[in-house]
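Peer 1: One structure follows; several queries about it will come next.
The values are calculated or read from the model by the stated rules, or taken from the named source; none is laboratory data. All values reported here derive from a predicted model rather than from experimental measurement. All Cβ positions, even for glycine, are placed from backbone atoms using ideal geometry, and neighbour counts span all protein chains on display.
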Amino acid sequence: MSCIVALGADHGGFSLKGELSAQIRQSHRILDVGADSFDPDDDYPEYAEAVARAVASGSAQRGIVICGSGVGACVAANKVAGVRASVCHDTYSAHQGVEHDDMNVLCLGARIVGPELARELVAAFLAARFSGEERHQRRLGKVLDIERRSLQGMSADAGGSR
């Protein structure tokens, strides 16, 4: 399946982003959300949010965000409703996260995985499809319920109910 992949990285993942973009372009379109140049003072939250918003809005079907460890980008991306992001350092998690949990954003740590493993992770992530099995649908439904309750609580708090 060819899809649009939102791709972003801070300075920690900038070099790896360049290496992976050629691979991704072989079978998918890329929505590049930056960084466009190496800036040692940039911060991962802006790129993680841009990737996450592209996926949540439907502008992209999948997202990949790269920082030094992958952890910060994952934390930031998961703050956007509709995003299910995970750090993956092994191919099993990269495909199983999609197949069982409908993961839509892959977070990579450029200081943790080398380019060859990163290429394998991206290939596994982009080739995987959500299984739709009843047990996985049920579990995903429970995750989405948590998200809905959290969003409802935020809107109640914004209404001055404190």
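Peer 1: With (1) without any contact (Cβ under 8 Å) to a residue 24 or more places away in the chain; (2) surrounded by 15 or more Cβ atoms within 10 Å (Cβ to Cβ); (3) at positive phi as the list, and Ser21 as the residue in question, which single condition is left unmet?
Peer 2: (3)
Peer 1: If the Cβ limit is 7 Å and pairs must be 6+ apart or interchain, which residue in the range 52-64 that is in the same structural domain as Leu16 (by TED's automatic domain parsing) pairs with which residue that is among the charged types (D, E, K, R)?
Peer 2: Filtered contacts from the range 52-64: Val55/Arg62.
Peer 1: Yes or no: Ala123 farther than 19 Å from Ile4 by Cβ and in contact (Cβ under 8 Å) with a residue 40 or more places away in the chain?
Peer 2: no
Peer 1: Just to verify a result, which residue in the range 24-40, among those that are in contact with a Leu (Cβ under 8 Å, 6 or more places away or on another chain) and not charged (D, E, K, R), is surrounded by the fewest Cβ atoms within 10 Å (Cβ to Cβ)?
Peer 2: Out of the qualifying residues, it is Ser27.
Peer 1: Having 3 or more residues that are β-branched (Val, Ile, Thr) and buried (at least 18 other Cβ atoms within 10 Å of the Cβ) is the bar; report the strands (runs of 3 or more DSSP E) wholly within the range 52-162 that clear it.
Peer 2: 62-67
Peer 1: What's the number of the condition Glu46 fails, among (1) within 14 Å of the chain's Cα centre (by Cα); (2) free of Cβ contacts under 8 Å to residues at least 40 places away in the same chain; (3) crowded, with 16+ Cβ neighbours inside 10 Å?
Peer 2: (3)
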